[in-house]
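Working notes, beginning with the structure itself.
Here, each number is a calculation from the coordinates, and none is a lab measurement. Values in this document were obtained by computation on a predicted structure and should not be read as measured data. Note that we place each Cβ from the backbone using ideal geometry, even for glycine, and neighbour counts take in every protein chain shown.
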Amino acid sequence: MKRKYNIIIEKDVDGWYISEVFGLPGCHTQGKTIDQLIERTKEVINAYLETEEEPEISELRCSAWQNCRI
């Protein structure tokens, strides 16, 4: 059964895209393009879940997403 994971994607000052996976502490990666980032994010999720220890999976759920410009 496939699971869905929510990710945060940001672009840093050097132009790299960075993802962080909700619910998987420390599970993050980067890529030069969105396509590369998504592929690497899938790889890092699989690696996280395949660890020998029982992975820590948080049940954190995002109830809203809001942008705020100041």
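Structure above, values below:
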quantity	calculated
Anchor Lys2: lysines whose Cα lies under 19 Å away (excluding residues fewer than 8 positions away in-chain)	Lys42
Inter-label distance, nm, simple model (7 Å from Cα along the C-beta direction), Lys11/Ile38	1.6 nm
